[in-house]
Amino acid sequence: MSDPNIDVLTNESVELLQALIRNQCVNDGSIDSGFEDRSARLLRDELESTGVDMQLYEPTPGRTSLIARWPGTDPSAPALCLMGHTDVVPVSPEGWTHDPFGGELIDGEVWGRGAVDMLNLTSTMAVAFRHWISSGRRFPGDIVYFAVADEEAGGRHGAGPLVDTEWDALQCEWVLTEFGGIPMHTDAGTSMFVTAAEKGLGWRRLTVKGSPGHGSMPYGTDNALVKAAEVVRRISQYRPAPQLNELWAARVAAMGLPDDIAGAMIDAERLGDALSFLPPDLARNAHACSHTTFSPNVVAGGVKTNVIPDSVTIEVDIRTLPGETSEDVNQHLRAALGDLFDHVEVEILQEHLSTASPTDNRLWSSLVDSVKVAYPEANVVPSLVTGGTDARFFRDRGAIAFGAGLLSPKVDIGEFFTRFHGHDERIDIDSLRLTVELWMNIVDRLWD
Ligand SMILES: [Zn+2]
C-alpha cells in the first residue's frame, strides 16, 4: 500500500542523502580517515525531535556510530535492526562528470560518492525510522537504527567492536542492510537479487625464503624472488572445483540464459566452458559466486640490485565459499603450490568465514512480499555477494540478515554495478522512493 506521505518522505530522503554525501566521510583504510563523527551527529540531530532513545559510540576517536532504539509493545517479539554505514570509499575526481561530494540533484538523480554504497539506504532508513516514531506507530518488536562507521575497511572501528561491546543496545533477531533489490531484466522476466549470504575472507601472507648472495653470480643460487614468481604462477593457474549449491542454482535459473548454457552452468564438468560464453563482467561475477578465489595482489622483497634476495612476501586475497574453514584455505594452498608449499611460510592476515541466512522465516517472506508490491511479477532470488558487509557480525551472533533496497526499472544492472566504488556514482529519485516504501511495507508485514 502506498503511503500518502511518500512524496514528503522521498524529499526528506533526497535531502538527507545530499547532506551525507557532502559530509565526505571518506574511509581510505587508515585510522585517521572516515571522520564519520560528522554524519553520526547529523543523523542524531535528524532524529532528535522524535525523542527516541539514542547514543553515540566512539570506539576509536572520530569514528563515531549512532544507535537508536524504538521499543516495541511486546518484549518477546523479535527486534529489527536497520543498519546503514556512513563511510564511503575514496574517489578519483578526474574521472567524474560532476563534483563527487557536491550531492547535486541533476535530472532526477542525486550525484556523489556513497549515492549507491550505501548512503541511499542509510538515509532512507533514517527517514522511515523517524516517520514511524513521529507518526506514533508502535510495532510489537523493537526497531533499531544503526548508523555505523568503518564498513568500507572491515568494521574494525565500527560494527566489529560495537556488536561485541554494545550488544544490549544492538540486540536484534533481524537485520536489514546493504544491498539488493536490483532488477535484472531477462527473457524469462524480471529477477530481483536480495543478498542472503556473503563469501568469507581468508587473506594470507606467504613468505618465500631463499639464500642471499652476490647478484653477479646467480648460477645455482636459491633466489627467493625466482621462487616467489613460481608461487604466484601456480596460484594463478590453480583451478579449484566449483561449489554448486542452492544459491548458485537459484542464481543461474534467474539469469535467463539459454537452456544449454544454463544446463552447463550447473554441471561442474562444463561450468568452466559455459563461463567463457558470458560477457566478461557477468562471467567474473559468476565465477566468484561458484568458486573459492585466489588473487595475488601485493609482493615485497629484495633490497638492492646486486643482492640476491633471501626473502619475498606475497599477499593473496582469498575469498571462501559457505562452509569452508580456515583449514580448507590451507588445503587449497597446499594443492595449488604442490612441492613448493613446504618452502613457504603461511600467515593469516585477516580471516572471516562465509556467512549465510536461511530464507524460511518471517523477515524473508516480508521482504519478498514487499518487493512484489512494486514489482508484482518479479522473481525474488536469495543471492551470495562476493565482498564483505557488516551483516556478517550479526549473522555470527545468530541474527538473520539480508541485504536489501529497491531500485527503479530505469537502472541497468550492469551499469549500476560499475557505480559501486566507481566514477559517476548516483541514484535516481524513483529508486529512493521505492526504497523508503520498501522499509514501510516490510515493517507493516513483519509482525503481522
Ligand atoms: Zn557498502
Has the stretch 164-174 got any residue that is modelled with pLDDT of 95 or more, small (Gly, Ala, Ser) and over 30 Å from residue 129 (Cβ atoms)?
-> no
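Matching residues to (1) in contact with a Leu (Cβ under 7 Å, 6 or more places away or on another chain); (2) not in a loop (DSSP other than H, G, I, E, B):
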site	(1), (2)
262	no, yes
274	no, yes
278	no, no
284	no, yes
289	yes, yes
304	no, no
316	yes, yes
Residues of the stretch 350-370 being over 19 Å from the mean Cα position of the chain (by Cα) and among the acidic types (Asp, Glu), in sequence order, are 360, 369
Tell me which residues, restricted to the stretch 368-405, are among the hydrophobic types (A, V, I, L, M, F, W, C) and over 25 Å from residue 149 (Cβ atoms).
-> 368, 371, 373, 374, 378, 380, 381, 384
Keeping to the stretch 371-390, report how many residues are under 19 Å from the mean Cα position of the chain (by Cα) and more than 12 Å from residue 194 (Cβ to Cβ).
-> 5
Take the residues of the stretch 118-128 that are in contact with a helix residue (DSSP H, G or I) (Cβ under 9 Å, 6 or more places away or on another chain) and within 11 Å of the ligand (Cβ to nearest atom): which is nearest to residue 402 (Cα to Cα)?
-> 121
Restricting attention to the stretch 235-260, report how many residues are under 19 Å from residue 295 (Cα atoms) and crowded, with 19+ Cβ neighbours inside 10 Å.
-> 2
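The values are calculated or read from the model by the stated rules, or taken from the named source; none is laboratory data. Predicted, not measured: the structure shown is a model, and the values here were computed from it. Neighbour counts run over all protein chains shown; Cβ positions are idealised from the backbone, glycine included.
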